[in-house]
Structure formats: C-alpha cells, structure tokens
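Down below is the structure, laid out as structure tokens.
Computed from the coordinates by the stated procedures, all read-outs in this text should not be read as laboratory data. Being a predicted model, the structure only gives us computed values, none of them experimental. Cβ coordinates were reconstructed from backbone atoms using ideal geometry, including for glycine residues, and neighbour counts include every protein chain displayed.
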Amino acid sequence: MLREYTDKDWPAVLAYQSDARYLRYYPWSERDAATVRAWIGRLIDCQSDEPRNVFQLAITLPEGNGLPIGSCGVRVNDRIRLEGNIGYELNPEYWQRGYATEAAWAMLGYGFDHLGLHRIWAELNADNAASAHVLEKIGMRREAHFREQDYFKDRWWDGLIYAILSREWHMQHKPPWLSEMVESGGVG
C-alpha cells in the first residue's frame, strides 16, 4: 500500500534509515531524529502544494501495523518538458520481496497516467545493483553512467541514470493489480 506521510511516521523511518545496510549507498553514515522529522515534515508540506510536484508516499503492508517500511515517489521536475523523476527506499528487512518493484510500478503509472509526464528518470549509485534491477524490471533503461560522480565514505562512486518514456510505459505489459490500484485511488 502507498499512502501519504503523517507526522507519526518518523520513528519507523528513523529505524530503517539507521540500518547500516540502508546507509551503504548514501553519503551520510548515520541518521538522527531531527533530520528524519524534518524530511517527513517537508513531504507533508508538499501535500498541500498547488500545483503539487512531489508525490513521495509511505510504503506500508496491508497486513501490518500501518507503519512505513519504505518510501516511493515521483517528483515533477519540469512541467513544460513534462519530466519527472522517481525514487524509492526500503527497510532492509523487506528487501528482495518485490515491494520496491511494486511501489515503483505504481508510481510510474501515476506519473504517466495521472500527471501526464512524458519522461521519468531515476538516479542511483552504480554499486547498487539491486536498485538497478528494480528499475530494469519496471521497464526503465540505463541512459548514462557517470564515472566517479560522488565522493563520500572515503572513496569515489559512479552514478547511473535510468529513464522511461510515456510511450514505452504504455506499450509494455503491466501487472493486473497496477491499473486497479491507480484507478481505485490507491496512489496519491
């Protein structure tokens, strides 16, 4: 399930964002309550923007306690060029279960079918093969490889850009639950 963030979500987000496995591909080495609360506060503030450009939603499990196990979103970068980007994160305890793929599918559908975007891209650390695999499963393809793009944790890291166009999205086979989820208002 994807839902809007509330101010009660920060402890669950802090818990997974503090996991060393989560932190591996990020420049920071730790997270604190103030930083996570501020991040969620900004996402909550974006919910009332008009027009709204940031649709970053909490990933929850229907059979769970409603607390976030991750986040996925599409952000409108350029309304003239109809371009946006997608990003996601997941509690490492829930990796390799298809949740990131399912959430990313849903947010691509929302970006193309409801926001009318023409192109959606994603940026990631080149060492994060699991994330690249998610993007490939949802039909995105690698457009760029930036060598030694970022320096953190005492080393240089390569970056990748993946993207998909609206016409490519509409031509591919999508899981049957996707249209049901988007049509029922389950996203956004």
Quiz item: Over the Cα atoms of segment 1-91, what is the Rg over Rh ratio if Rh follows Kirkwood?
Solution: 0.98
Quiz prompt | Gain upon complete extension [HIS145, ILE80; 0.36 nm per residue less C-alpha separation] | solution = 20.8 nm
Quiz item: How far apart, in nm, are two points set 7 Å out from the Cα along the Cα-to-Cβ line at GLU4 and at MET171?
Solution: 3.7 nm
Exercise. Starting from the Cα of ASN65, move 7 Å in the Cα-to-Cβ direction to define the label point; list residues of segment 1-33 whose amide nitrogen is under 14 Å from there.
Key: 8-16
Exercise. Sum -39500 (n - 2.57) across every DSSP H segment of at least 4 residues in the chain, then divide by the residue count to get the 222 nm mean residue ellipticity, nearest 500.
Key: -9000 deg cm²/dmol
Self-check item: Two-site label geometry, LEU23 and ARG155: point separation in nm, points 7 Å out along Cα→Cβ
Solution: 1.7 nm
Quiz prompt | ALA129 versus ASN53: modelled label distance in nm, points set 7 Å from Cα along the beta carbon direction | solution = 3.7 nm
Self-check item: Semi-axes of the equivalent ellipsoid for the chain, Cα gyration tensor, largest first, Å
Solution: 24, 22, 16
